[in-house]
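The structure appears right after this line, and notes come after that.
Please treat every number below as a calculation from the coordinates, not as lab data. Predicted model, so just to flag it, every value in this text is computed and none were measured. Note that each Cβ is placed from the backbone with ideal geometry, even for glycine, and that neighbours are counted across all protein chains shown.
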Amino acid sequence: MDIIRTLTGEKPATVLPKGTIDTQMHMYLPGFDAQAGGPPLPGGDLPGPEQYRRFMEWIGIDRVVITQGNAHQSDNANLVACLAEMGEVARGVAVIHPDTAEAEIARLAETGVVGARIMDLPGGALGLSGLEGVDARAADAGWVVAVQFDGSHILDHEERLAKVQSRWILDHHGKFFAGAGRPQIDAVKRLIDRGNCWFKFAGVYESSKSGGPDYADVADVAREIAAHAPERVIWGTNWPHNLAKTTAEYPDDRALTDTVLSWFPSDAARVQALVSTPEALFGFSKM
């Protein structure tokens, strides 16, 4: 797949605050093969630490949470290597299973892993079938759980999600592939109001039916959630936009940053979502 990723250019009009944390992205190093059951590795030049550092400088990002990519399924070796390469500015979200050994979870924690990933969509390493088991392990470890599924069905899963004991994130704007009506939005609010659920702004283009540049359908939901509980929202770039298979399909990161960050109700809410909330959620030092 031929793809060239833009890594520099005119900066976003929105100046990101000092200490900004990108809480959703993937990173890859050579020597770690794609695993059976997942998608192939991203095309073009492998999007690794060197590329991402240039991207950080361009957009205005200071710290990052690296999420285990679907290509590597349950093999966290690439993630661990990327965390070592990025150092103290990075934390990780890995894939574990209900039967993952306690010693392995402790080993991952030592490398900077602070969370576990559930992805109940094609290519995901572990879906909602593992929710309760992973939640139990994450709660014991003090980890966060990032949960991604088709949010159009959130009413079917609300009872289970309400019982999650660990801190958890409803990922990718809820991924309401069929749209989010009043019942779905109210369900998100109920889960957030329980006190251990956060809502992540990331990958808007993956679920928007109205499309860019405004992504009006997702924007409506995002604005309502941010107004309801600004302290429960975090943000991520979704770099390197793995669904884009060609240069022509690749998102304009400058425009995307300005658009998504405009959905916060105030500058204070934006600073909270980009700095103080993810600092506490992912175990970064205060800046």
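List of remarks:
- Simple point charges give the picture: +1 on the Cβ of Lys and Arg, -1 on the Cβ of Asp and Glu, and for the chain a dipole about the Cα centre of about 520 debye.
- Karplus 3J(HN,Hα) series, Hz, for the range 65-74 with 6.51 cos²θ - 1.76 cosθ + 1.60 (x for Gly, Pro): 10, 8, 9, 3, x, 4, 4, 9, 6, 9
- For the range 210-287, applying the loop criterion from DSSP together with a ceiling of 11 other beta carbons within 10 Å to the trypsin sites (Lys or Arg not before Pro) yields Lys286.
- Relative contact order computed over the range 141-287 (Cα-Cα under 8 Å; 6+ residues apart), in percent: 20 percent
- DSSP assigns beta bridges within the chain; of those with both partners inside it, close to 0 percent run antiparallel.
- Taking trypsin sites (Lys or Arg not before Pro) across the range 1-100, the ones in a DSSP loop with at most 11 further Cβ atoms lying within 10 angstrom of their Cβ are Lys18.
- Of the residues Pro183, Leu7, Ala202, the one whose Cα sits farthest toward the positive end of the charge dipole of the chain, with +1 on the Cβ of Lys and Arg and -1 on the Cβ of Asp and Glu, is Pro183.
- Whether the range 210-287 is rounded, prolate or oblate, judged on the alpha carbon gyration tensor where a/c under 1.5 counts as rounded: oblate
- When the GluC sites (Glu not before Pro) in the range 1-105 are filtered for DSSP coil states and for at most 13 other beta-carbon atoms within 10 Å of their beta-carbon, the remaining sites are Glu10.
- Entries in Lys18/Lys200; Lys18/Lys163; Lys200/Lys286 that, when Cα-Cα distance is taken, lie over 24 Å: Lys18/Lys163
- For Val113, the residues whose amide H sits under 5 Å from its own are Gly92, ignoring neighbours fewer than 5 places away on the same chain, with H placed 1.01 Å from N.
- The range 136-262 - share of DSSP beta bridges that are antiparallel (%, nearest 5): 0 percent
- Calculated [222 nm] ellipticity per residue, helices only, for the chain: -9500 deg cm²/dmol; basis is -39500 (n - 2.57) per DSSP H run with n ≥ 4, divided by all residues, nearest 500.
- Evaluating 6.51 cos²θ - 1.76 cosθ + 1.60 at θ = phi - 60° for every residue in the range 100-116, the Karplus couplings come out as 4, 4, 4, 5, 5, 5, 5, 5, 4, 4, 5, 8, x, 6, 10, x, 10 Hz, glycine and proline recorded as x.
- Dipole magnitude (debye, nearest 20) for the range 57-151, charges at Cβ of Lys, Arg, Asp, Glu: 100 debye
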